[in-house]
Structures are given as structure tokens and as C-alpha cells.
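The values are calculated or read from the model by the stated rules, or taken from the named source; none is laboratory data. Just so it is clear, the structure is predicted and the values come from calculations on it, not from any experiment. Quick reminder, even Gly has a Cβ in these numbers, built from the backbone with ideal geometry, and neighbours come from all protein chains shown.
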There are 2 protein chains.
Amino acid sequence: MTIGFFTEENSVETVLGRNGPGANPRVVEVVSALVKHLHAFAKEVHLMQEEWEIGIDFLTRTGQLCGPERQEFILLSDTLGLSMLVDAINNRRPKGATENTVFGPFHVDDAPRRKMGDSINMDGKGETCLYEGRVLDLDGTPIAGAKVDVWSDSADGFYDVQQPGIQPKGNNRGVFITGDDGRYWFTGIKPTSYPIPDDGTVGKMLAQLDRHPYRPAHMHFLVAAPGYQKLVTHTFVGGDTYLESDAVFGTKASLVAPFDKVTGGATEWRSPFDFVLVKAE
Amino acid sequence: MTIGFFTEENSVETVLGRNGPGANPRVVEVVSALVKHLHAFAKEVHLMQEEWEIGIDFLTRTGQLCGPERQEFILLSDTLGLSMLVDAINNRRPKGATENTVFGPFHVDDAPRRKMGDSINMDGKGETCLYEGRVLDLDGTPIAGAKVDVWSDSADGFYDVQQPGIQPKGNNRGVFITGDDGRYWFTGIKPTSYPIPDDGTVGKMLAQLDRHPYRPAHMHFLVAAPGYQKLVTHTFVGGDTYLESDAVFGTKASLVAPFDKVTGGATEWRSPFDFVLVKAE
């Protein structure tokens, strides 16, 4: 009866000391760091009993908002910068390689396979834009057979999967395969900035922090080629109002792309961007 | 475009820098500490993308297990030692005062008011025990008119609210009011140790950590008197197997009570314990 009793001072050691010999070592490592930081957090802010109750209620409602069409805990992770941090930790790349950014919840596995040069826009809404560039390795060698999977929101700021029955399935999406020159080019629209869903617990948190829910306009790219690390990224529309205040912290300086106004061309805008992949280890 | 972009190095500053001038100051304080520790945690354990996904799924399922009869997030807080830590932070008391411990989810507001000396046991199951002692202030002066609200599990290890229709409503519960001598006494049963619900996400976590889900046997006491701080506590059955390994870390040395075997008395056991309250500020 002299050991093991919990006090404010020994709280972390007491909890960590409880794990048994059959514990999963990585779970122990992760949960131990979690307990250490969770307790330090509560001590640091002198968490009040009523605040703890608000926290329990917040987490419960966040979980209960999740369903097939919505993942409020991912949104929470995104808006606290955790998603981008995990992305950064897991995708440290050499200088010159294209940087990753958040995957987001709107990718689909069965996007339409299109012929190089085709348009991905199916509803005719929005200002047309020619996207073009090359997929290269770190030496500047073109990568043939790279899969370039692209998706953006519509002129109204919604992805097709958010508006089934309103937008045609596959609108503003497409999968392209590079040829020997590593080039890609297709017509899409100049994307629009949009708010993340802010009618749930995350929206309430943002309001309490006086933060807006907008993401700067961006085109999603998933670029994959055999022998190379998968690249999950966006290109951002240079000059967008929300570029420096992306609600999910996804913007990176190197991913801000030119969107040049075209006069007398087949499209209204042109956005050139090269993707540089790193060899898989 | 030179400021505000998120990197692994500046992740905390970038997120905290986003709060607006209209933010709620206490929310900013709490969320800032949370972000700082959450990011430090992810960096420290080099959180893998797949582990982040497991975490999102764990939190989502935890939220979805919650309902009128179950609060899995409180259980998570309890088993990570957070509930006891918040209790400790919010109830620092002078030497000599009775210590708090976790409230638990099984208190009811409408427990039967009983006459001093009555039995709280209504199903006739279990070994009878006389609980007795005094409610005192720090100077040893008896407190008259103190409400002593008590509850325990049954001989089978369940509270009445967990078994509606099986146990009589109010079984092993009662509210008593002290007279001028500050004394309380009533008959209950010697409580039994029991597992917290372990068929959900928290149970899975405990299994991965090789931790058992048991709580040592205890009698709950909520002692309140006008002009004094509310005392939320248990007395623990001395000698219980799980005393030093309470799944929710509720045991404190000062709360382990004698349970003496009685020969030839009206009850089989006797557990004396005095409660010492602190004046409200």
C-alpha cells in the first residue's frame, strides 16, 4: 500500500507504470507520450472541472457527427495543424523535390481515365484553364508512365461527391498517364476558394478562436510512378485571398502556381507547373 | 507570401498565429496549450500516417459508443489518469481534510432519503456492513445538517442503474442527514471489485497495454454541508486485490478504510470512517 497511488505530482509515472509485460511496445510508446503531454496540458492550463466536462462533450459530439459523408475528427485534426504535421513528418524530401500537402477527403478511386489534353470539366461552369507541365525526377529526367490524378472543386466551390445529382459524376476530375516526354496537359477550371464544413463542433471552435473556415483555391494532384515515392499535393492559385490563412494550413510557398490570363487562346487561363518525384527507397 | 506558411519546425507558431482579435481568451489559452502538446507528441513519437488513421478511427468509434447508458470518452479520460488529475488540480486541500476521488458515472440525483441507521440494501444480497463515523470540520468540530449521499455496487458488482428491472431502484443507495453530533451510521454491504466496461475502444486500448479493467471495491460518499466545500470521495475496502492497480487510478492511501469482521453483531462487517470538510472560500 506504499506504492502506486496517484497524486498530482506523480500522475504520469503512475499511469505509465501500470502497463503489463505483454503490452504492444509501439502502443506503449505512443500512449506514454500521449499521457505525458495530456497531463502536462491539464496542469499547464489548470483545467477546471467544468472545462473538462465541455471537452468530453465536444469530443462526444465530434464523434457523433461522423458518418459516410463527413469526418469531423479529420476536420479537427486539419484545423489544429495535426494533419499537415503528420504529412510533413512522413514526407521529408530533398531540396528540389515537389512538396506534399494534405490529401483531403474528396479524392475518389474511380475517377475517369482521360486522354492527354482532354477537359476534366463536365458542367461547363467556371473559367477555363490549361494545366500543363512535366513529371520529372530529381535529375530533371522526364518520367514516362506517371499517373497524374487530378481533382478540383466546381465554380460554386463544391466537389462532385458533395453534390451528387447536381454535378455530373467525375466533374472536374481525371486521370492522365504521361508519355515518354513526361508531359501532362489538360483543361480544367480555375478553382475557387471555399469554406470547410463549419456547422459542427469544429466550426464552433473556429468561431471561438475568431478564425475563418476558408481554404485558398487549389487543384489537387496525386502523381505516382513505379519506382518513385507517391506525391500527394495541390497547386494553389497565386494571389488568392486565403493563401496565407488556409484553414487547414495546407499552403506551401513552393506550391503556389502561376495562373496567367490568356488572351486569344483556347482557354482563359494557363497554369504551368512541373512535378519532381523522389525515387522510392 | 513570405509569412504564415506551415512547416514541421514552425507548426505550433503557425497554428497559434491564426487566432483573430475577437477570440475568447480562455479558449485561446486552452487550445494553444493543446496544440503545443499535440504537435510535440506527434513529433516525439514520429507519428506514422497509418497510426494517425488508427487514431482518427479510435476517436470516432469512441464517440459513437456514447449514449444515455455509456460515456466511453469519460472512460478513456479515467483510464489515462486525466479524470483523477483534473480532480486533484481542482481539489487541493489542506492536510487533515478528507481527499476527493473520481465521481464516477453511477451517482443519481434522486437517491432515497433514509433515516439515520437504516439499511441501504434492498435486495438482501451480500455481506452486511455497518458504516459509521462523523462529519467534522478541520478543527474537529462536528458538522450538523451535513448531507451524506452514499452508493455502492451490489454483491454481483453492478450498480442498480446498470440493472434496471433486475435490482430494485435505489438498491445500495441512500441519503442521510447528520444531527448535532455530526454522526452518520447505516447498514450497507461490503462492496465488491468490478471491471469497468471493457468491450469498447477503451477495453481494446487496455488490452494492448496489458492492463486489467478492475476497480477495487469501494463505497461512494458525497458529503455536502452549507458553508463547506463539497466532498466527492470513496472509501476503499482495505486488502482488496486491486487497491494498487485501480483501472481509473482512484485509490488514495488516506481513503483506504478498515473493514473489520464483526462476531455476534447485527452486521458481518464494520467500517468506521470520519470525513473532514474544508470551509468554502
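Can we say B:LEU75 is over 25 Å from the mean Cα position of the chain (by Cα) and at pLDDT 95 or above?
Details: over 25 Å from the mean Cα position of the chain (by Cα): no; at pLDDT 95 or above: yes.
So B:LEU75 does not fit the description; no.
Grab the strands (runs of 3 or more DSSP E) fully contained in region A:183-248, keeping just those with 2 or more residues being over 21 Å from A:MET122 (Cα atoms) and touching a residue at least 40 places away in the same chain (Cβ under 8 Å). Give the steps one after another, and end with the answer.
Values: elements: A:183-189, A:218-224, A:231-237.
Counting at least 2 such residues, we get A:218-224, A:231-237.
How many residues are within 7 Å of chain A (Cβ to nearest Cβ) and surrounded by 15 or more Cβ atoms within 10 Å (Cβ to Cβ) if we restrict to region B:8-23? Please lay out each step first, then the result.
Of the residues in region B:8-23, the ones within 7 Å of chain A (Cβ to nearest Cβ) are B:8, B:11, B:14-15, B:18-23.
Those still in the list that are surrounded by 15 or more Cβ atoms within 10 Å (Cβ to Cβ) too: B:8, B:11, B:14-15, B:18-19, B:23.
Residues meeting the conditions: 7.
Restricting to region A:24-39, give me the number of residues that are surrounded by 17 or more Cβ atoms within 10 Å (Cβ to Cβ) and within 7 Å of another protein chain (Cβ to nearest Cβ). Spell out how you get there, then give the answer.
At the first step, the residues of region A:24-39 found to be surrounded by 17 or more Cβ atoms within 10 Å (Cβ to Cβ) are A:27, A:30-39.
Of the ones still in play, those that are also within 7 Å of another protein chain (Cβ to nearest Cβ) are A:27, A:30-31, A:33-35, A:37-39.
Going through region A:24-39 one residue at a time, the tally reaches 9.
Which of (1) under 17 Å from A:GLY55 (Cβ atoms); (2) crowded, with 20+ Cβ neighbours inside 10 Å; (3) within 7 Å of another protein chain (Cβ to nearest Cβ) does B:LEU75 not meet, given it meets every other one?
Evaluating B:LEU75 over (1) under 17 Å from A:GLY55 (Cβ atoms); (2) crowded, with 20+ Cβ neighbours inside 10 Å; (3) within 7 Å of another protein chain (Cβ to nearest Cβ) leaves (3) as the failure.
So, in region A:249-266, of the ones that are closer than 30 Å to A:LYS95 by Cα and among the hydroxyl-bearing types (Ser, Thr, Tyr), which residue ends up farthest from the other protein chains (Cβ to nearest Cβ)?
A:SER254
Restricting the search to region A:150-165, which residues are in a strand (DSSP E or B) and in contact with a Phe, Trp or Tyr (Cβ under 7 Å, 6 or more places away or on another chain)? Quick ask: steps written out before the conclusion?
Here is the first cut: in region A:150-165, the residues in a strand (DSSP E or B) are A:150-151, A:164.
Answer for region A:150-165, where residues must be in a strand (DSSP E or B) and in contact with a Phe, Trp or Tyr (Cβ under 7 Å, 6 or more places away or on another chain): A:VAL150, A:TRP151.
Restricting the search to region A:29-70, which residues are under 17 Å from A:ASP199 (Cα atoms) and among the aromatic types (Phe, Trp, Tyr)?
Across region A:29-70, the qualifying residue is only A:PHE58.
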